[in-house]
Structure formats: C-alpha cells, structure tokens
C-alpha cells in the first residue's frame with residue numbers, strides 16, 4: 001500500500017513534466033489544416049519569374065518570344081523589336097505587378113527578352129534583374145518599389161553585362177553588389193555594379209563550371225549559390241559543391257560529392273535552401289544546406305526515346321561550416337523534379353510544384369506532383385551521412401492542388417504567411433489545347449497549416465516596431481507582441497527572411513535568420529515586451545529589406561518589413 005501511495009503522490013509531478021515536455025515539441029503541421037485558394041484564373045502571362053518587393057507587390061514575368069500573351073498593354077502601347085524571333089510588333093504584356101493586399105495586377109512593359117534570367121533585390125529594395133535571351137542576354141533591368149498609387153515601370157540598361165547571361169544565378173553580397181555566376185556556355189562570373197578596378201568587358205574564369213558540365217545535358221545551369229557565414233560562397237553545380245572565396249577568386253574547400261552522384265541542377269532540376277541561421281551571437285555560427293529532388297543521370301537524353309525516368313526522391317543535408325562535413329540523406333514521400341523549396345517563417349521548408357518523372361525542358365516531364373510537402377527542419381529525421389536513410393518523420397504531406405505546375409512554375413512566400421504559386425508552360429509557345437499540360441496562366445495561394453482559424457489563439461500580433469523600421473547591425477530593439485490566448489515565453493522566437501528571386505525551382509538570395517531574444521515579460525498572460533538583437537554583420541544579413549516575424553508555438557505572426565543597414 002505504501003508503494004501505491006508514493007506513486008499517487010508522484011503522478012501530478014509526472015503529469016506536469018510530461019506537459020512541459022510536450023510544449024517544447026514542434027507543433028504538428030497537419031495536412032488537413034492547409035488550404036488552397038485560386039486567386040486568378042488568368043493573369044495573362046506565365047509566372048516564370050517572381051520577386052516580392054517591400055511594398056507587398058510581386059513582380060512577375062515570363063519571356064517576350066512566346067508569342068502574344070493574354071494581357072494587352074495599356075494605352076495602345078506596343079513593343080517594336082526587329083531582332084525578335086517571333087513577333088516584330090507585340091502589343092501584349094510579358095510582365096505584371098501583382099498587388100498582394102488587393103489581389104489585383106497591372107500590365108508592365110518590358111522591351112527585351114527576359115527568358116530564363118536571374119536577379120535579386122538590393123539595399124534600397126530595388127529589383128536588379130540580369131540577362132535573358134536574344135536581345136536581352138546582356139541587359140540589366142531594374143524595378144523600384146512604387147510608393148502609394150504611383151505606377152512604376154521597368155528601366156533597362158544596354159549591354160551592361162560583360163557576356164551573355166542565360167540560366168545564370170545571382171547572389172546579393174554583403175557589400176551591396178551582386179555576383180552573377182555561369183549561364184549557358186558561360187564558365188565564368190562577374191559582378192554588378194563593377195568596381196573601378198574591374199574590366200567591364202571581361203568576366204572572371206570559373207573552372208568549377210567547366211568541371212561540372214555534362215556535355216549534351218550540362219546539368220550545372222542555375223547553380224545553387226548560398227552566402228556562407230564566413231563570407232565565402234557555397235556553390236553547388238551538378239552533383240558537386242565547393243566553398244568559394246569570390247574576393248580572391250579561390251576555391252577554399254571542396255565538399256564530398258552528393259550521395260548517389262545524380263545531378264540536381266538544371267535541366268536535372270532539383271532545388272536547395274540554406275536552412276535557418278541560429279545562435280547569431282555565438283563565436284561560431286553554423287550553416288546547413290538542404291538539396292532535394294532532381295533527375296537521374298542520363299534522364300535528359302532518354303526523354304527523346306520516350307523514356308521518362310523516375311525523379312529522385314532524396315533530400316541531402318550538409319553542415320557546410322563543419323570541417324568534416326558529410327551529407328545526410330533522407331527520403332521524401334515521392335520523387336520530384338522541378339520542385340520549388342520555400343522557407344516558411346517558422347523555419348520549416350515547403351516543397352512544392354514539379355513532376356515525378358522526366359526533367360526540366362520542353363515536353364520533358366510527366367506525372368505532376370500535386371501534393372506539397374512540409375519538411376520539418378527541426379524534426380527527428382533519421383538520415384545517415386553515408387548514404388541512404390529514411391527521414392519520413394520530417395515530411396508532412398499537404399493537400400493537393402488540382403493544377404499541374406510543371407516546367408516554368410514558381411512559388412514565393414508573402415508577408416501574411418501564404419505562398420503564392422503560379423506558372424507552368426512546358427512548351428515552346430503558349431499552348432492551351434491538345435497537350436497534356438496546357439500553358440497555365442492562373443495564380444494560386446497555398447495557406448500552410450499555421451494560418452488555420454483553430455490556431456488564432458496562438459498566432460502573435462506584432463505591436464512594435466512599426467513596419468519599415470530601419471535597423472543597424474547588432475542593434476538591440478524593443479519588440480512588443482500579443483496573442484489572443486495564453487503566451488508561452490519559452491516557445492516564442494523571432495525570425496527575419498529575405499524575399500528571394502524565384503525562377504526555375506531555385507530561390508536566389510533566400511535567407512532566414514533566427515534572432516536572439518532577451519527575457520520575455522508577459523503582461524496579463526497574453527502580451528509581452530522583449531529585446532531583440534539584430535544580426536551583427538552584413539555577412540550574416542546583407543543590407544536590404546527583410547520580413548520580420550514573431551513565431552509562437554510554431555505559429556508565425558503576419559510579418560512586418562524592416563531594413564537592415
């Protein structure tokens with residue numbers, strides 16, 4: 001009897017500790033809590049490239065040599081281009097500005113061909129967009145965020161690039177420049193803007209792109225580029241990766257080949273993200289990269305023979321700051337090629353779009369993947385550094401869309417936490433009938449589980465700072481939030497995310513940081529004020545606009561814009 005009596009006394013304490021432990025676990029992202037919404041049946045163009053600006057408008061464009069789009073330019077405007085290979089005169093738009101808040105869009109005029117180009121937002125929030133095809137291959141274009149009801153337009157610069165850039169990758173650097181790497185038949189890189197000491201007509205030779213080039217398939221276009229926390233660039237092309245000191249034009253280290261050796265870059269298109277950067281005030285900040293999906297070696301050459309190879313179902317994760325870095329491989333619920341990877345405000349990764357067989361390119365893929373997957377970054381994956389492994393516990397299947405998103409699809413996060421999804425045109429022209437996957441002009445929104453009404457009591461509301469606050473590196477600033485339910489201080493975090501330039505399954509400049517938070521003082525069980533420390537350097541967070549989120553029990557607030565400088 002005494003033994004039973006002691007057990008009864010222990011039960012309340014045991015229950016308390018079990019409850020406390022359960023509160024520290026990641027909140028489940030149940031598929032039934034996520035939703036799809038059709039925003040527009042047609043926006044008139046294919047959403048092949050997307051960039052969110054700090055006025056909550058998205059610049060979307062496709063290419064000028066598809067033929068006529070389904071959106072007429074305003075005021076009788078037409079594009080006249082004698083070098084154009086399809087239409088010498090075209091009075092239709094190939095770019096739009098989409099207003100997230102009002103769910104409206106307007107046509108934009110772009111003169112030269114932006115097909116398969118690259119870009120990124122810089123310090124003042126301007127989109128700097130580079131290259132393309134034909135008469136656009138050496139152009140640099142800019143689009144500055146509109147203020148109020150002002151209507152902004154594209155600005156173009158003639159032959160501003162040293163060489164033609166088609167299928168290249170950009171990354172925004174700590175000093176405010178962009179590095180532009182590779183492209184079709186371009187085994188080199190250059191910077192924009194140029195320094196006075198640089199030859200404006202001569203790029204830097206980059207042997208790594210020679211070494212990773214597959215003749216006939218290439219498999220190293222749109223390389224995955226990430227700014228490491230030491231200021232060097234992690235560059236992944238085909239199936240290999242290096243750490244590159246761009247200032248001294250030197251390879252710092254070579255990483256192991258990705259397990260299996262299959263290609264992951266265009267046209268064997270997988271995707272990659274830099275996982276959340278944490279502990280930013282530590283002496284040594286760690287950085288991890290996740291690469292998911294792609295096509296098997298030789299898949300591109302098999303398609304003309306009528307063989308559509310199964311896409312890769314693996315994700316490989318590597319800690320790029322580890323001196324003995326190795327890849328840990330996890331298995332997705334299905335294979336994917338042409339998948340987009342979108343960082344969510346709570347640090348998870350949305351894997352969306354793509355096909356289960358084939359490769360990128362015209363008519364080269366089958367079996368669309370309609371179900372997104374959320375990858376739980378801090379979940380209990382069981383991958384191994386030596387090769388195979390099942391990370392099934394990290395992957396949560398989401399509700400399916402009914403719209404295939406094949407070649408030339410896009411996806412980006414917006415400030416309210418939704419993911420805007422558009423595009424798909426695996427054809428040389430606009431084709432709407434008599435094909436398996438018609439040209440897709442629609443725009444959808446995917447709302448992850450955290451936007452469900454059942455989580456409204458957990459969702460934080462940011463009270464301060466105000467949106468578009470300027471922050472200095474290392475600055476400590478006050479943040480105030482409230483929730484409708486009970487606030488659990490230990491399950492509160494603050495993240496900031498750089499909105500990327502998304503095209504061809506890679507989001508250039510995508511970067512999420514978890515900020516250091518001081519003591520959280522709770523008032524009335526539901527509101528709090530606390531101190532947050534901004535990232536300490538431009539290497540951690542290059543100077544530009546970021547979306548700032550409060551995250552409570554895995555549920556993010558609506559973001560606000562901040563500018564760090």
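For the reader, a short list of remarks on this structure follows.
- Between residue 310 and residue 486, the contour length at 0.36 nm per residue exceeds the Cα-Cα span by 58.6 nm.
- Residue order for 546, 255, fewest other beta carbons within 10 angstrom first, comes to 255, 546.
- Modelled FRET efficiency - R0 51 Å, residue 251 with residue 526, Cβ distances, 0.05 increments: 0.45
- Counted over region 118-197 with a bin width of 5 Å, the fraction of Cα pairs per bin, in whole percents, is 3, 15, 26, 25, 16, 9, 4, 1, 0.
- Degrees, to the nearest 10: 2-23 long Cα axis against longest axis of the chain: 20 degrees
- Ascending count of other beta-carbon atoms within 10 Å, so fewest first, for 352, 320: 320, 352
- Debye log10 I(q)/I(0) at q = 0.14, 0.21, 0.22 Å⁻¹ for region 455-564, Cα point scatterers: -0.55, -1.09, -1.17
- Option label - mean projected area of the Cα convex hull in nm² computed here, alternatives [x] 24.3; [y] 33.9; [z] 28.3: [z]
- The share of C-alpha pairs in region 52-202 whose separation exceeds 28 Å stands at 21 percent.
- FRET efficiency, 1/(1 + (r/R0)^6) with R0 60 Å, evaluated for residue 104 and residue 326 via beta carbons: 0.75
- Among 257, 444, the ranking by other beta carbons within 10 Å of each residue's beta carbon, starting with the fewest, stands as 257, 444.
- When you restrict to C-alpha pairs under 8 Å that are six or more residues apart and normalise by the size of the chain, the relative contact order lands at 14 percent.
Bear in mind these aren't lab numbers, they're just calculated from the coordinates by the rules spelled out. Predicted model only: the values in this text are computed from it and were never measured. When we count neighbours, we look across all protein chains shown, and the Cβ atoms used for this are built from the backbone with ideal geometry, even at glycine.
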